[in-house]
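Inspection log for the structure reproduced underneath, given as C-alpha cells.
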Amino acid sequence: MNYNNKKFKPVLNSKNGETTAETIFEYKQIGNIITSEYYGGKIINGHLIGLVDKDGNIEMRYHQVNNKNELMTGICFSKPEITASGKIRLHEDWKWTSGDKSSGKSILEEI
C-alpha cells in the first residue's frame with residue numbers, strides 16, 4: 001500500500017485527542033518511510049514520521065503545536081481498511097508521550 005500524496009481527515013477521535021474533522025493530513029511516502037504535515041481545527045501545525053509494513057500498517061511518532069500554544073508528542077499505530085468506494089480508512093490506536101500520557105482511538109478517512 002502506498003500513501004504518497006494521499007490526504008486524510010479524522011471522522012472519529014477520542015475525547016482526549018486534538019484532531020477534528022477540520023484537521024487535514026497530507027501524507028508522503030518514499031519506500032517504507034511515511035511523513036505527513038497536518039493542520040486545522042485545534043492543530044496549528046503538526047508532523048509525523050513512521051514506517052509502513054508490507055500490509056500497509058503504520059507505526060509512527062508525531063509532534064504538534066495546538067491552539068493553546070502547547071507542544072504535544074505521541075505515538076500511533078494505524079491499520080488500513082479499504083472502503084467500498086476504494087478509499088483508505090485508517091484505524092488508529094495512539095498514546096500521548098507528553099501531557100497526561102493518556103491513550104485513545106481515532107479513524108481517518110482518505111479525502
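The values are calculated or read from the model by the stated rules, or taken from the named source; none is laboratory data. Because the structure is predicted, anything quoted here is derived from the model rather than measured. Cβ sites come from the backbone with ideal geometry, for glycine too, and all protein chains shown count toward neighbours.
Quick check on Lys9: is it in contact (Cβ under 8 Å) with a residue 40 or more places away in the chain, surrounded by 13 or more Cβ atoms within 10 Å (Cβ to Cβ), assigned to a strand (DSSP E or B) and basic (Lys, Arg)?
yes
Only one of these is at pLDDT 95 or above, in contact with a Pro (Cβ under 6 Å, 6 or more places away or on another chain) and within 17 Å of Leu108 (Cβ to Cβ): Gly74, Gly46, Gly56. Name it.
Gly56
In the stretch 18-34, what residues are polar (S, T, N, Q), crowded, with 18+ Cβ neighbours inside 10 Å and not in a strand (DSSP E or B)?
Thr19, Thr23
With respect to Lys101, is the statement that it is out of contact with any Ser or Thr (no Cβ under 9 Å at 6 or more places or on another chain), free of Cβ contacts under 8 Å to residues at least 40 places away in the same chain and either in a strand (DSSP E or B) or within 17 Å of Leu12 (Cα to Cα) (or both) true?
No: the conditions fail for Lys101.
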